[in-house]
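Inspection log for the structure reproduced underneath, given as structure tokens.
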Number of protein chains: 2
Amino acid sequence: MLVALLLPFLCLLSPAGAGKLLVIPMEGSHWLSMRKVLVELSKRGHEIVVVAPDSTLLIDSSDFYKTKTYPVPFKKEDMEEHIHSTAARCFSQEPFLVRFWKVLGDYRKSGAMFQASCKSLLYNQELMKYIGDSHFDVIFTDPVSPCGQIIALHFSIPSVFFLRMVPCAIDVHAAQSPDPPSYIPRMFSVYTDHMTFSERVKNFLIALSESFSCSIAYAPFEELASEFLQKPVTMTELLSHGSVWLKRIDFVFEYPMPVMPSMVFIGGIHCGQKKPLSQEFEAMVNASGEHGVVVFSLGSMVSEIPMKKAMEIAEALGTVPQTVLWRYTGKAPPNLPKNVKLVKWLPQNDLLAHPKTRAFITHGGSHGVYEGICNAVPMVLMPLFGDQMDNAKRVESRGAGLTLNILEMTSNDISTALKAVINDKKYKENIQRLSDLHLDRPIHPLDLAVHWVEFVMRHKGAPHLRPAAHDLNWVQYHSLDVIAFLAAVVLLAFFISFKCCLCCCRRCFCKKGRTRKAAKAKSH
Amino acid sequence: MLVALLLPFLCLLSPAGAGKLLVIPMEGSHWLSMRKVLVELSKRGHEIVVVAPDSTLLIDSSDFYKTKTYPVPFKKEDMEEHIHSTAARCFSQEPFLVRFWKVLGDYRKSGAMFQASCKSLLYNQELMKYIGDSHFDVIFTDPVSPCGQIIALHFSIPSVFFLRMVPCAIDVHAAQSPDPPSYIPRMFSVYTDHMTFSERVKNFLIALSESFSCSIAYAPFEELASEFLQKPVTMTELLSHGSVWLKRIDFVFEYPMPVMPSMVFIGGIHCGQKKPLSQEFEAMVNASGEHGVVVFSLGSMVSEIPMKKAMEIAEALGTVPQTVLWRYTGKAPPNLPKNVKLVKWLPQNDLLAHPKTRAFITHGGSHGVYEGICNAVPMVLMPLFGDQMDNAKRVESRGAGLTLNILEMTSNDISTALKAVINDKKYKENIQRLSDLHLDRPIHPLDLAVHWVEFVMRHKGAPHLRPAAHDLNWVQYHSLDVIAFLAAVVLLAFFISFKCCLCCCRRCFCKKGRTRKAAKAKSH
């Protein structure tokens, strides 16, 4: 059996041959976990070229890959400013409709920036010529922006997607995965997989509205793709050509739902490789004594919190005996208690992995939540935007944390929630159970991701995983034409039987009538 | 990265602790591949108890597991006789309806035998007391007979299923996996995943009929389970409680379709561990010269073929220059050519793995087909019964073999097909492509199976993989109540709007009418 035991090893250590990858990534935390896969692929001898806009925020150069940038019609500062204003909107106390309108504007602006970036790439003749001449074996891309897939289709290069999800479940539809709204809560619904009747009604309506709202949101991309590929394409059609979907999800955190064979689950890929803490952080953690520490970060997008809110938070943090390490770049609140240490940056995963860490206050971004699960740290969640409300609900529904409404929470709410997750054993037990399940896997997600990228390179795609559903239209897929045909046959059969019966009856009665008349006539 | 690379290894080499497995297997080839998993689990220190009827055909004793038998109301000879008469029916030239009726009788008899065996186990007080007292961590069972799952529910032991499929897609429904009949061909349909309209109609009708036909076929089991568990249960309900489904399928061979997170795919688990050939077979293969050999086996169930058919086959085999190794226990046909060697048994996988093997003549049992794919040997398929017709269609649709109708094939047909798969390069190229895809996996299926059995033992099940769909009824799952409610709301809104309009119009017209009347009255 040693051979069988060695197989995963042999398979990973001896790639069939080094290949060439073109990477078209997304910004932010998406890039950070994708980068881990690139480093691993590079170590295995593959040549990697990352293509990114020149105004990129996080996408860096490295010895592991070559980075090629292209000019875009906005500056890095514009992007930073846009991100900060979007984040600041989360703390706005303006009326709901005003906020909703402004948030919609923010999303539109984000979309316009991504589309402009994509257009700049597609019409950058030099870069496109380089891509065409380079004969890449695979395009490794984040499908939240379909730019990579447009290029994949243009040059007929197989693609591997790296994502958690695409808004409006476009990823699910593009992979032909069924997603009954009866038990799969939609994004932004903030429901669990067990819904009441009224929740199911709302979830159904959200599912219905998704196709409209997303077709509006992605319309500029669809226009651009149709123009560039010279044939009309929708976002779903574009993404339906992906060979393999590397999905950063795990069913410890996500609700179990139907999936497709082309989907590979690599949730928690970025977590688990713990490095020792720097002297500065090690000292802070050790100084916390028996009470340990609380890690607090609202993510890299939030640089500042309104002072009133910051003071409320600071007041609450002072009520626990733990040392709180708060990642915060804004102005320090004047009432900052002694047990709270403000830091400009913190090694989140390494701190969460420390045995002295008692709780994690997070905005509920999926990366942070997976780090919390991976390291079994109970959470207090303060979701801000996007999928964070849904993530918070998932953690809370599993009894592994408590959620606070960032706009409405008081100092007392924060204090109560924090004390609960630290002192009530059930939160630690639940997150430990989730963590045990999450980490008990036959192969590390990073190795799985590397395998499937190489698989697509070796076999020039994965056509054997492509379901025949792609060749059916909506009516055919749901067998509506078959049902209509069978209904017509049944109705016709009934109609003919009815007519026959009627005819028989008539003949019978006519005969009787005639016989009776004849009899009457005779008797007269 | 070495840690990440080592993880699968560490995970496999250091189980959390040895556990106790109760195994309730199925007969035949099902048992042979299940046995491989048991041997591996035993090597990892687990205590394994196999429970089987005393009239078992293949389930043996071993150093790797303890076997406990129970008396059943039929003998081993009865079972052998039943299998042989079922197999012989495949060659019967009787009219279709007569054959169909007899085959139905055979299936009924098989069902009755399994049910009788199950009843004997469930009401064997001594054995049931032993199971109850032994505190097993998991029940590892083949769900084609739900006996293991009945015991699992009775003693609240988590269960792991080991199967390729359950008739009528009961496994698919029990796991809550969607299976649209528009592109998923039903068992016995002999369709591919690309169907014409008329094929889709037939496939839809087969899917419709399955629920009726299988509820009749499994009715005795459902009755037995309901009586034993003292609550009414269906076969689907019974199997819905399985923790993990280890499915012996691979999408190189099966058509891609929606699956569930609780399904783990271990197709080809029994294949790939090649042992050197015995002296006898090595000599035969070496003597074949440059032309190589053809491996021919119709499986262990077929012991004899009608002499006329055997002579036709023998005649055809004489037309190829290859040496044919034919596994056949019946009377040798008098026209047996020199290049055909009859053997009572042959090491199928090891022979297929030999580089001199040119083709494989098989009945299309899934085990044999996976061995053919695994070793990249093109096939001539002579399906006999069960899923073999569908398997043959799958191989043929991928251009990796040719199918013959065992009743209608002539000597010439066999010869032509055999020569084609040997000499036409496309068959070898296609099977080689399938083989390359099949063997390119991140972890060996045997290690995957071992991991998931141990996972269920470690975590006392896998509740995080259980979809919430289990808690919905058919109407709720398909959102029919939600659609009806929304339709009612829309209709009511229309009705009220219509009534309001009508009311307004009436008032308007009445007023005008009255005004006009008043005006007329004045003018008079």
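If you bin all the Cα-Cα distances of segment B:276-333 at 5 Å, starting from zero, the percentages per bin are 4, 18, 23, 24, 18, 11, 2, 0.
Computed across segment B:175-250, the Kirkwood radius stands at 14.5 Å (inverse of mean 1/r, all Cα pairs). For segment A:362-488, the Cα gyration tensor yields ellipsoid semi-axes of 41, 24, 14 Å (square root of five times each eigenvalue, largest first, whole Å).
Determine which residues of segment A:363-402 fall in the zone a paramagnetic label at A:Ala420 would reach in this model, i.e. backbone nitrogen under 16 Å from the point 7 Å along Cα→Cβ. Within reach of a label on A:Ala420: A:378-383, A:392-402. Considering only Cα atoms, the convex hull volume of segment A:14-242 works out to 149 Å³ per residue. Measuring against 23 Å, Cα to Cα, the residue pairs A:Lys341/A:Lys393; B:Lys393/B:Lys425; B:Lys76/B:Lys109 contain A:Lys341/A:Lys393 as the ones spanning a longer distance.
A Förster radius of 35 Å, combined with the Cβ-Cβ distance separating A:Arg44 from B:Lys356, puts the computed FRET efficiency at roughly 0.50. Residues of segment A:180-222 with an amide N closer than 20 Å to a point placed 7 Å from the Cα of B:Cys500 along the Cα-to-Cβ direction: none. Near A:Phe114, once Lys and Arg are set to +1 and Asp and Glu to -1 for all other residues with Cβ below 14 Å from its Cβ, the sum equals -3.
A label point on B:Pro321, set 7 Å along the Cα-to-Cβ line, lies at 8.9 nm from each of its counterparts in the other copies, closest listed first. Distances, shortest first, from the label point of B:Asp54 to those at the same position in the other copies read 8.8 nm; the point lies 7 Å along Cα to C-beta. Here the spin labels are modelled as points 7 Å beyond Cα on the Cα-Cβ line, and at A:Phe64 and B:Leu229 they lie 4.9 nm apart. Could you tally the net charge around B:Ala287, taking each other residue with its Cβ under 15 Å from the Cβ of B:Ala287, Lys/Arg +1 and Asp/Glu -1? The answer is +1. Figure note: B:His470, B:His194 ranked by solvent-accessible area, largest first, 1.4 Å probe, ligands and nucleic acids not counted: B:His194, B:His470. Expressed as a whole percent, the accessible area of the protein assembly as shown that falls on carbon and sulfur atoms is 61 (1.4 Å probe). Of the Cα atoms belonging to segment B:279-439, the radius of gyration and Dmax stand at 14.2, 43 Å.
The value given for chain B is a Kirkwood hydrodynamic radius of 26.2 Å, derived from the mean inverse Cα-Cα separation. Taking the convex hull of the alpha carbon positions in the protein assembly as shown and averaging its projected area over all directions gives 65.7 nm². So if R0 is 25 Å, what FRET efficiency would B:Leu57 and B:Gln273 give, r being the distance between their Cβ atoms, rounded to the nearest 0.05? My answer for the efficiency is 0.60. Taking the Cα centre of segment B:279-439 as origin and assigning +1 to Lys and Arg Cβ atoms and -1 to Asp and Glu Cβ atoms, the resulting dipole is close to 160 debye.
A viscosity of 0.890 mPa s and a temperature of 25 °C, combined with the Kirkwood radius over Cα pairs in Stokes-Einstein, give a translational diffusion coefficient for segment A:141-279 of 148 µm²/s.
I'd like to know which of B:Gly386, B:Pro467, B:Asn430 lies farthest towards the positive end of the charge dipole of segment B:344-483, counting +1 on Cβ of Lys and Arg and -1 on Cβ of Asp and Glu. Result: B:Asn430.
Calculated on C-alpha atoms, the gyration radius of segment B:207-337 divided by its Kirkwood radius gives an Rg/Rh of 1.15.
Computed over segment B:69-156, the range of Cα coordinates on each principal axis works out to 54, 22, 16 Å, biggest value leading. Chain B against chain A buries an accessible area of about 5700 Å², both chains summed, 1.4 Å probe radius.
Among residues other than A:Ala225 with Cβ under 15 Å from its Cβ, the summed charge is -2 (Lys and Arg +1, Asp and Glu -1).
The values are calculated or read from the model by the stated rules, or taken from the named source; none is laboratory data. All values reported here derive from a predicted model rather than from experimental measurement. Positions of Cβ are backbone-derived with ideal geometry, glycine not excepted, and every protein chain shown enters the neighbour counts. Just so you know, the surface numbers come from the protein's heavy atoms only, side chains and all, with ligands and any DNA or RNA stripped out. Shrake-Rupley method; radii C 1.70, N 1.55, O 1.52, S 1.80 Å.
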